[in-house]
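Only the coordinates and a few stated rules stand behind these numbers; no lab work does. Keep in mind that what you see is a predicted model, and the values were worked out from it rather than measured. With ideal geometry, Cβ positions are generated from the backbone for all residues, glycine too; neighbour counts draw on all protein chains shown.
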Amino acid sequence: MPSAPAPATATVAAPAPAPDGDFASVEEQVIKWRDACEPFIVIRQEVDLEVDFQNKSIKGTSTIHLFLNHDKIDEVLFDARQCNIDLDNVTVDGVRTRATYSDPYGALDAPDHWQIGAAQHHVMKKRMQHLTPLERPDVPIVKRVPHLLGCVPADGSLVVSLNPPEEFKAEPRRKLVIKTSRVEKDALQEEQGGIKISIPFTSKNIRDGLQFVGVDNMDMKYPHVYTRHSIEPGTAACIFPCIDDPGSRHPWRISIKFPKTLGEAFPEPPPAQNTELAPLNSNRKRKADEPPPSPSGRHLTLSEEDKMLDMTVICSGNYAGEQVDPNDGSKKIMTFECQSSCAQHISFAIGPFETVNLWHEFRTEEADEKLGANAAKIYAYCLPGRVAEVLHTCHPIVTAADYFAPEFGKYPFESYKMVFVEDLVPDTVAATSMSLCSTRLLYPEDIIDPEIEITRKLVHALACQYFGVHIVPNERSDLWLAVGIPWFMTDLFMRTICGNNWYRFHLKTLSDKLVETDVNRPSLHALGKHLHIGDFELDFMSLKAPLVLFILDQRMSKIPGSTGIVRVISNMVSNANIRNTDPEATTISTAEFQKSCEKKTAYRPEEFWKQWVYGAGCPRFNIRQRFNKKNLNVDIIIEQTQGVNEVKGINKEDFWREYQEDLNHVYAGQVPRVFTGPITIRIHEADGTPYEHYQVITDKEKGGMPFSIAYNTKYKRLKRTKKAQASAANASNIDKQVPQEDDVVYFNMFGDVLGTPKDAADWGLQDWDDDVQREMDQESYEWIRFDCNFEWLCETMTDMRGYMYLAQLQQDRDVVAHQDAMLYFKRGRRHGVAATIETRTVMDRRYYHGIRTMAIEDLPKQATEELNYIGLAQLIMCYRSFFCKKTVSKTGQAQFSPEVNDFQDKAQYNVQCAIPGAIARTRKNGRCSRDGRAFLMELLLFNNNDGNEFSDEFFIAKLLEALATSLIPENYDGKETLVDSLDMENEDDREFRAFVDKTIEQIETYRRMDEYTFTYQNLWTRTAMDCKMRLMKARVIRVSPLEFVQYLQDDNSDLVRIKAFDCLIELNMLSKTPIMKLLLSYMTTDTSPYVRDRLFKIFCRGIAAVAFGENKSFQPEPERVVAVDESGLIIDGGDAEISQRQREAARTEDIIKAIAALKDELKGKTELQTAIWSAFNSSVIGLREKTQLLEICAAMFEPEDSLLITMDYPKAWRCTRTPDVPRAKNWVAPIVRNPGKSLMMKFYSENRTKPRVTREIEEPPAPTATAGPPPATDPRPEAPKPETTKKIKISSRPSFGGSFTGSPGAASPGPSSLPPAPSRKNSISISAAPRPAAPAAQAASPAPLPDSIAVRPLARVSTPLPGTPPPSALPKPSSQHLNGTAKAAEKKPKPLKKRKSDDVEGTNNNERPKKVAKTSGNGVRPGANGRPSKVVTAPFTSWSKLPERVRRTLKEPQPSQSDSIHATPKRPGNLSGTAVVTSGSARPLSPASASGLQTPGTATSTGRTELPKARKPLPGSAPHPSGGHPATPMTSSQRPNSTTNGAAGGNASTPAPTAPDPEPKTAPRKVLKLKIKGSSSTPSRRSPQ
């Protein structure tokens, strides 16, 4: 390795003091940033990938070049998820090094031994807590290089050591040197001085980061793969190891190896692998030369034409070249280079894509020459067969790029690529120099309905290349600029192709939506930290941020000599293109953007930023105006009522958002008491002249802001159009040169249609009455327009009269003024004049079609009995006037037949689509009238689209929706369906029943037609399902879930399956267990992430319906409370019913109460818990989906602080003697060092499923109420008992050798060796010596036990406990230990009869105590034949990991008899004590308990010496340190019989250890449950080899 140059010193400028002069605060902030960063900077990254379509996996190498900030770094951290890192081949500068890796995605699945369910959701959430992007360090990008802050990894799960081998340790590492402002460029060019780290990896089980489409057997889409992205870091690390930090931007080189053709990506299996015979031979072994089978049988059936499709790669950056793989001719390698990007914006797609050169197709030579170097090269890539749709859909993109270049600046990259892929969750995803777009956006040229919306989304994806990819936010709080500026640029371009009316009408519509939505929401500045919660937060930011920039542009532009926000954006783009590697030029922050705006205008927007960026909410103006005749002024008072009693209800769409914001502590922003700023008031005075007055709203006045505006007109008055028309009618009789009245001004205006008396009679038009006419004549001005320059996002309520709004609607030229007037009439009451105004608005084609549509939507309100249902008649006449052909029969009756469709005029097309829906909403006696329904059916039956170049699919869908709406009654609360409740003897009911049947028939007809005509995105099928769902929900027809279940098959379209589930949930089918399980299964196992995302939202709406009490099937019907007062009056419900209604209403207003109600209604739903936890355990879903499921579990179920753990049964060893087999003739005897008898034994292990002796736990006696001093103990020792003879029945076979270790804490006086007995006896008699008297210190020992001895084996103890004397010398083993046999002892006189375990001495059989025979010595006791025996011990070290309950139990005093059996998992190591494991008890002994035990070998108060409990050692035990032979296991005849001699294997009574007082009780403890299971298939670790 070349020697590294000597480290240079870093020259860093001192940080500037804070604006308030607090220098220490800046230093503290820098220290905080430095603690959050890793001390190195990535200067380049190279990624080599190989994609395997057949196995859905990738492998490759990630090479990272980095600079260290100082030379004292021993290891570096990288991000990697769901990868298998080849730790043995990780290299640093070509030398292998040490590396450790722990996959963070391992926390997504619960351990196998956890028996966990939905009620333990909090346990899994805590386990996955390190993966959730809660509050990651937010280090500003522009502060990193000056302060040597480094980068911020997302996980740091991969740790690579930088320590080189011994020969390179003396060489210092190079560190980053900062000397000039161009240090970044110099550092990037000087790559030889950095450190090069290569990381080989493989990803097989891919959950996030990559999406394989068309690879599974049931997926019929073209196979391709593309990257997935997220707002927060972490997704890029799922693809390859990197530094997943948005602030780490550096050059990239990406090489991707992939199959050349689609057929080579999925090679056919060899002929020997017959798929029909595969199931028969599924268990056979594979031959040596046979290839491994494909997982999951992934062999796609491709046509010969599809096999020849060429595969290609579209990747971020510039194309650098391609080559055929030298090792495999069926693959090729394509390389791309990117100048500066973060890992989050690196994207690629691989598949059989077709290339469309958009800039060559749609840019003329003149435009290309005019743009010159600013002309962007735009390409589109699509799957086979969709080139025509791409050409039609992406036509405006080239125009948009040509608009952005001169208006905002040159496109920042060499080319722009649009890749249309399947199953993309969002509609578009922006990456470096490319965008991933969903195929849902493609539409053919005969579809015109979604063109504006789709074009706006695609243009926004292009605008995101300027801001969001090339220019990134400095901090998360600056994300509102990166989101708002692209939408602002998009709307400016849409104005050039859709017109100014569309632009202002669109912004006004969004403004009204924002005022309604921005209630109890955070500010734009604070919202950037919460975008990861859900896409609803990004949607809200996308709504508010561009509107705030728009009104800022309006306020800046109206000041003379100032430029708007467009010039600010243009300067930022130009600086970023020039200094594309400078973080200060390629980042955007709120403070810097504010300074840039102040430089371009004289407007100082300090209050603007405080109110609209750092504040929340929108102003609500309550305006009062009057004319002051005395002063000839117009007095105006503006009051602001925002934040006063603003209680917004929660609907099903907002339920999940409200819960997520409450769960993640997203708090509502501070709403300003008074919004301040300039406002323009325009007064249209009596002569028709508008006068604009610029005023400023301040916060100085508390009761409202008053304005006094001078009045200008004195004489002239404005007359109505009808008077002008009346004068025009008499103009033929009057000389035109004769002067008219001087105070009358006539001019034409909007809505001056249908002005003749005949039209008024035919259409039922009305005018103002005489009283209103007199008021109109007395008014001094026509109307007042507030905020005429659209500088506010507000709600305006005024006290102007209706005729003033009519004048505004007819005479103002601004579409926003028309919209305000229509909103006033929409809020107003039913009136004949309002119907006349709206009818004339519809009939006047000079109005913008959005205004005409608003009038159509309000006309059904005028169809009432008081108005003689004039609204319905006027709607039908409007449609007939525009779209029907009038014919007169011979009888003189006029007939109207629909004309052939002609959708050339798109404004008329929107009106034509809106009228049928409005007719369907009219009601007469609770139902749609017969005339209205017949008219709608006629439109559908006689629809004719011949000769129309555009499709009528959307128009027919709207007609079907209108027919379904016309069948829904206004209020129906019958017990049966409406159809079943009809009276067939009634003519109206018979007609309605026939119309229902005919409507259902038409819906079914178009549904069946869609099966072979294939409408756009199966529009007719989805419309038919929606119509039937609405009729079933309104109880018009019977509920039939099978109507929708039939569309849930995998081969149906994704949109159709989503709509089917939506209909089922709307019908409250979530309470049905099969539907609920099916939805959860599809929601977590479907291969499409788009389907899973939409189904989760549908599931949340279904849960919201339960929380709001809409789904009553989850809960039983409450009993009605009927009370009778003293007077006999029956009170049905009373206070209880009122309280119940209040609680139900509170559900829809407070999310906390809604969640509480949801948990109450789902309490005890075990099937739902099982189903949702089964869905959580799916291996398909990723981090975000698992987190959402845990959060929905937290909303549905109360957490349970218990966890059931499954553990293996303890191992029990058995041995059998191998029977003698005849030896072969050529058998050669083995060489035996110590000749003697030989015995062949066979050892095997099994699971111990039952304890040898099970005893009940006796509760200790309750403490007495009065505590007194402890009883005095007699210090005098008791007199020793006379010598007695004890008889022990011991197995005839001696121990097979090996030494014993005594029990913990036992004294070791020395071994006792006895000579071997000459003969073998069945039993021997041992005379026990008299025990000495106990010392005074042990006078308080427990009472002596009866004279019965229970011999049982002891647990294995590896090391003696504290206080154990060192072991003594062991006797030498005899030769009898070599062959496992011994001579029997001489037969003694008849021994005492051995007492069975169930023999008793007292009256109570169950209370018979046992005595434990113990020996003295550290691990050595005399055996039955004088040989030493060995006690096997097991270490226990994990005292700190035991539950608090267990530790507390160990410290408490134990009763004299231990009648319980406990199980404890085995843990390696030994920390502070040794676990004594016996056949009857496996409870570990803490150090305190061990020290409190009575030491064997010492005398008790009765003078008896207790021997240690012992058992035969297991095979394979380690030899004793003293040199003893390994212990030989017992034979089957030597095993204690648990059935006949329970005392031999049971628990013996031991003295209670002295333990300290139990700890005081604290918070409730979690319960740890243990479940024992067998694992006989798993071999024991101690099995003999």
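Brief remarks follow.
- The range 572-694 - percent relative contact order, Cα under 8 Å, separation 6 or more: 20
- For the range 392-466, the Kirkwood hydrodynamic radius from C-alpha pairs, put into Stokes-Einstein at 37 °C and a viscosity of 0.692 mPa s, yields a diffusion coefficient of 256 µm² per second.
- For residue 782, distant residues with modelled amide H under 5 Å away: 684, 685, 686
- Packing-based ranking of 582-592, 225-235 yields 225-235, 582-592, ordered from highest to lowest mean Cβ neighbour count within 10 Å.
- Note on residue 946 and residue 374: with the Förster distance fixed at 51 Å, the Cβ-Cβ geometry gives a FRET efficiency of about 0.65.
- For the range 573-649, the normalised intensity computed at q = 0.11, 0.24, 0.26 Å⁻¹ comes to -0.60, -1.10, -1.15 (log10 of I(q)/I(0), Debye sum over alpha carbons, equal scatterers, no solvent).
- If R0 is taken as 41 Å, the Cβ-Cβ distance between residue 1177 and residue 1038 corresponds to a FRET efficiency of 0.65.
- Restraint check, 32/125; 544/599; 529/595; 924/1072; 906/1033; 924/975, Cα-Cα greater than 30 Å: 924/1072; 906/1033
- Nitroxide proxy distance, nm - points 7 Å out along Cα→Cβ at residue 500 and residue 563: 2.2
- Dipole of the range 398-457 [Lys/Arg +1, Asp/Glu -1 at C-beta], most positive-end residue of 403, 452, 441: 403
- Here is the size of the range 417-457 from its Cα atoms: Rg then Dmax, 10.8, 33 Å.
- A Förster radius of 35 Å, combined with the Cβ-Cβ distance separating residue 629 from residue 699, puts the computed FRET efficiency at roughly 0.65.
- Note on the range 757-846: with charges restricted to the Cβ of Lys and Arg (+1) and Asp and Glu (-1), its dipole about the Cα centre is near 400 debye.
- Backbone N within the range 437-470 under 19 Å of label point (7 Å from residue 319 Cα along the Cβ vector): 437
- J(HN,Hα) series, the range 828-840, from Karplus relation 6.51 cos²θ - 1.76 cosθ + 1.60, nearest Hz, glycine and proline x: x, 7, 5, 7, x, 5, 4, 5, 5, 4, 5, 5, 5
- Note on the range 765-869: semi-axes of the ellipsoid equivalent to its C-alpha gyration tensor, largest first and rounded to whole Å, are 22, 18, 13.
- Stretch gain in nm, segment residue 777-residue 761, where the contour uses 0.36 nm per residue and the Cα spacing is subtracted: 3.2 nm
- Between residue 1142 and residue 301, residue separation times 0.36 nm minus the direct Cα-Cα distance comes to 296.6 nm.
- Normalised contact order of the range 827-913, rounded percent, pairs of Cα under 8 Å and 6 or more residues apart: 24
- Other-chain or far-sequence residues with amide H under 5 Å of residue 588's (modelled H): 472, 474
- Cross-link pairs 126/1153; 410/600; 260/377; 1211/1250 - those with Cα-Cα distance over 19 Å: 126/1153; 410/600; 260/377
- Percentage relative contact order, the range 772-930, counting C-alpha pairs under 8 Å, at least six apart: 17
- Between residue 602 and residue 220, full extension at 0.36 nm per residue minus the direct alpha carbon distance yields a gain of 131.4 nm.
- If a spin label sat at a point 7 angstrom from the Cα of residue 126 along the line to its beta carbon, the backbone N atoms of the range 1155-1198 nearer than 17 Å would be those of 1190-1191, 1194, 1198.
- Both radii were evaluated on the Cα set of the range 868-998; the Rg over Rh quotient, with Rh as the Kirkwood radius, amounts to 1.01.
- With Cα atoms defining each centre, the range 931-977 and the range 104-154 are spaced 53 Å apart in the structure.
- Put simply, when 675-686, 353-364 are sorted by average Cβ atoms within 10 angstrom per residue, most first, you get 675-686, 353-364.
- Here's how it looks for residue 671: its modeled amide H is under 5 Å from those of 616, which are all 5 or more places away or on a different chain.
- Highest mean packing comes first when the peptides 1168-1179, 1020-1031, 1207-1218 are listed by Cβ atoms within 10 Å, giving 1020-1031, 1168-1179, 1207-1218.
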